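Only one structure is covered here, and it is reproduced in the block below.
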Amino acid sequence: MSQKGDAVKAVTRNLHAAIERVREDVSKVEFWADAVTGFTQPVPDYNSGDAKIWLPGEQAKSLTTTGNNQNDTSHNKLNAGAKQSDDSTRS
């Protein structure tokens with residue numbers, strides 16, 4: 001009877017382990033099914049007017065043209081100050 005009892009315990013352990021593996025596999029299948037479901041939805045309409053993506057060069061041009069007057073004034077003051085200091089060091 002001991003051999004029969006050991007065999008029953010081994011079969012029970014193997015059965016529990018197999019059921020646990022099936023549960024893990026089911027959760028993985030559910031995860032991937034949810035992921036694939038997201039890909040089955042239609043892509044929303046795209047309107048290029050809604051997208052505001054700036055490349056660095058375009059952004060720099062826009063910033064220099066919009067703030068050109070303010071930048072020129074401060075830039076001229078800086079250049080004038082630098083020029084005066086250069087003149088004073090040369091004398």
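Annotations
- Each label point was placed 7 Å from the Cα along the Cα-to-Cβ direction; for Thr64 and Ala10 their separation is 8.2 nm.
- Packing-based ranking of 6-19, 35-48 yields 6-19, 35-48, ordered from highest to lowest mean Cβ neighbour count within 10 Å.
- Placing one equal scatterer on every Cα of the range 1-40 and applying the Debye formula, the log10 ratio I(q)/I(0) at q = 0.14, 0.16, 0.28 Å⁻¹ is -0.49, -0.54, -0.83.
Every number here is computed from the coordinates shown, using simple stated rules; none is lab data. Values in this document were obtained by computation on a predicted structure and should not be read as measured data. Because the Cβ atoms are built from the backbone with ideal geometry, glycine has one as well, and the counts that use them run over all protein chains shown.
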